[in-house]
Amino acid sequence: MMQDLTSHNLPAWMGRVEDDELPALRSLVNGLRRDQEAVIAGLTSPWSSGQVEGQNTRVKRIKRDGYGRADFDLLRARILHRT
């Protein structure tokens with residue numbers, strides 16, 4: 001579903017998961033049902049936020065590396081140096 005960007009298989013998959021004895025997957029399906037419209041939109045949209053998420057992760061790692069010994073100016077310089 002995620003690679004083909006198809007959401008028409010989602011309800012059937014969710015039904016199969018609810019019939020299984022896996023509590024973690026049942027919990028996932030319950031969460032998906034709460035915001036099913038957004039999940040379907042995400043499965044049908046060609047847009048991705050992967051690049052943005054990657055940059056956020058990179059900045060968080062740089063920030064963690066300097067925790068306790070770096071001020072904002074050094075953090076800013078390290079982030080700009082890497083781009």
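Summary table below
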| read-out | value |
| --- | --- |
| Among the residues listed as Arg64, Arg82, the single one being charged (D, E, K, R), in contact (Cβ under 8 Å) with a residue 12 or more places away in the chain and open to solvent by 80 Å² or more (accessible area, probe 1.4 Å) | Arg82 |
| Any pair with Cβ under 9 angstrom, 6 or more apart, that starts in the range 7-22 at a residue that is free of Cβ contacts under 8 Å to residues at least 40 places away in the same chain and more than 22 Å from Pro46 (Cα to Cα) and ends at one that is open to solvent by 70 Å² or more (accessible area, probe 1.4 Å) and hydrophobic (A, V, I, L, M, F, W, C) | Val17/Leu28 |
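The values are calculated or read from the model by the stated rules, or taken from the named source; none is laboratory data. It should be emphasised that the depicted structure is a prediction, and the values quoted were computed from it without experimental measurement. A quick note on method: Cβ atoms are made from the backbone with ideal geometry, for glycine too, and the neighbour counts reach across all protein chains shown. For accessibility, only protein heavy atoms count, side chains too; no ligands or nucleic acids. Shrake-Rupley method; radii C 1.70, N 1.55, O 1.52, S 1.80 Å.
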